[in-house]
Amino acid sequence: MTRTTSDTSVGTVGAPLAAPDAPPRHRWWILAVIGLAQLMVVLDATIVNIALPSAQKDLGFSDGDRQWIVTAYALAFGSLLLLGGRIADLFGRKMTFLVGLVGFAGASALGGAAGSFEVLVAARAIQGLFGALLAPAALSLLTTTFTDAKERGKAFGVYGAIAGAGGAIGLLLGGVLTEHLDWRWTLYVNLAFAAVAFLGGALLLSRTSRDKTATIDIPGAVLVSAGLFGLVYGFSNAESHAWSSPATWGFLVAGAVLLAVFTGWQTRAAHPLLPLRVLLDRNRGASFISVLISGAGMFGVFLFLTYYLQQSLGYTPIRTGLAFLPMVAALMVTSTLASTVLIPRLGPKPVVPLGMGTAAAGMAWLTALDLHSGYATDILPPLVVAGLGLGLVMAPAMSLATAGVAAEDAGVASAAVNTMQQVGGSLGTALLNTLSTSAATDYLTGKNPKDPAVLAQAGLEAYSTAYWWSALFFGAGVVISVLLYRRGAPAPDAQAAPVVHM
C-alpha cells in the first residue's frame, strides 16, 4: 500500500495509528472541534504580542522582561511537544485532548487575572505545557477520525490552513480585543474557545484505547527541557547581568552541556524521545535548521515591529494587527508556490537559500525605519519582502523535515518540526531582546534619559539592532542551506508536509 501524506502525519510519537473499519458519522463536526482547539493553540503564539505594550504599562515590567511573556509560552510548548505525544499514547487521545483543553483554559484565566508580571509569565508557561498535550492529541484524533484517503486529504488541508492563518488571526484578534476591551481579554477569549471545543469533544469523540507498550523517556524529557531553558534564560540574563556574568554564561554552558548529554542519552535509551536517525539525513537536518532560523526571525519581527508601530508611530492595536496582514499574505503565497511548483521541479537547494536571502534583505530593509516612516512607502515593502522570503523557507523545510522517515518515526519527526519552530522562536526572541535592549542602553549613555526625543531615538536603535541580527541569522541560513541540501527534486512520496503548530 502506498503511503500518503496523511499516513505519515501522525500526531503521536511512534507507529501510525490503526484506522477503525468505518469512519465516525459526525467526523466533519469532529474536524470543527479539533480545528477550534488548533486555532486556540496557534493564535496564542501571537495574540498576546499586540497586547504587550498595554500589559507592560499596566503591570509595570521592564523592556528586558517583556520577551518572557512570549518566550514562556513558546519554550514550554516547544520543549514538551515530544513528551505530549507519548502521554497521548499512554493515557488515550480523547482524555489527553480534554485535559489539555481544561488546563489551557485554566491557565488563560490565570493569565487574564494576573496582577503581576510573575503570575502572567507563569500562566503563559502553563498554557504552553497544556498546549503541548493538546496539539499532538488533536493531530492523532484527526488521523484516526478520517480514514478515507480523499477525506483525510481535505481534513488535513483545513487543519493546515488553520495552522498557517492562526498567526495572522491572532495579531488581528489581539488588536480588536486590546483596543475595544482590555489586554486581559486576549487571554480570557480562550475560555470561550475551550468551552465549545470541550463540549464538542466530550460528545463527539470516541474513547481511544491506551497503548500499554508506550514508554515515556523521562530522563530525555528532563534533559532537553532543562537544556533549552538554560539557553533561553542565559541569553535573557545577558541584558541585565552582562555577557561576562556567571548568571549569563553559566546558564548558557549548562544548557549546552545538558543538550549534549541529551544527545548522548538518545543513542542509548530503549525508547528515545527523539531518535537521532530522524536528524541525520542531510535534507532533514537542513530542514530542521531552516525551521529553527525562520522561527527565530518570524517571532522576532512580530515582537519588535509591534513595539515600533505602537510606541514609535502611535498605531492603535487594531491598526497594528492589520499592518501585519500583507506580510502573512505574502508568506502564504510563496509557501503555496514553493510546495506545489518550485520544490517538485527544482528541489530545495535553490529555493530555500533564495528564501533565506530574501528574508535577510527584508530584515535589513526594516533597519531604515524612523519616526517619520509611512506605512505604504516605508513599512509595507520590507514587510512583504520578508514574508515572501519566509514562505520560500518554511514550506519546503516543513515538508522535507519528514521526508523519507520510517513509519515508526513519522510522528516524532512531525513533532520535532513543531519543536524546532517554537524553540527557534524562544531562543531568537530572548537573544534579540537582549541585544536590542543593550543597544538602547548604550545609546542613552551620556544623554538625558528623560528627554522624549532621546528615548524615541533609543527605541529606534533597539529595533534596528534586532532587525540587523535577524538579517544575520538569515544570512547564516543561506550558507547552511546551500551546503546541506542535496541537489535535485525530492522523490514524490517525500514531499508530504506535516501539520505544524505555528
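Brief remarks follow.
- In this structure, Ala260 and Thr215 have a Cβ-Cβ separation that, at R0 = 25 Å, corresponds to a calculated FRET efficiency of about 0.60.
- Per residue, region 292-355 exposes 33 Å² of solvent-accessible protein surface, assessed with a 1.4 angstrom probe and all protein chains in place.
- Per residue, region 412-460 exposes 34 Å² of accessible surface when a 1.4 Å probe is rolled over the protein heavy atoms with every protein chain present.
- Farthest toward the positive end of the dipole of region 25-79, out of Val33, Ala76, Thr46, is the Cα of Val33, where the dipole comes from beta carbon charges about the Cα centre.
- Label-to-label distance for Ala242 and Gln311 is 2.4 nm, based on points extended 7 Å past Cα in the beta-carbon direction.
- Cα gyration tensor shape for region 239-319, rounded if a/c is under 1.5, else prolate or oblate: oblate
- Of the solvent-accessible surface of region 240-312, computed with a 1.4 Å probe and all protein chains present, 70% belongs to carbon and sulfur.
- Here the ratio of the Cα radius of gyration of region 294-388 to 2.2 N^0.38 Å is 1.16.
The values are calculated or read from the model by the stated rules, or taken from the named source; none is laboratory data. Predicted model only: the values in this text are computed from it and were never measured. Note that each Cβ is placed from the backbone with ideal geometry, even for glycine, and that neighbours are counted across all protein chains shown. For the accessible areas, the whole protein counts, side chains as well, though only heavy atoms, and no ligand, DNA or RNA atoms are used. Shrake-Rupley method; radii C 1.70, N 1.55, O 1.52, S 1.80 Å.
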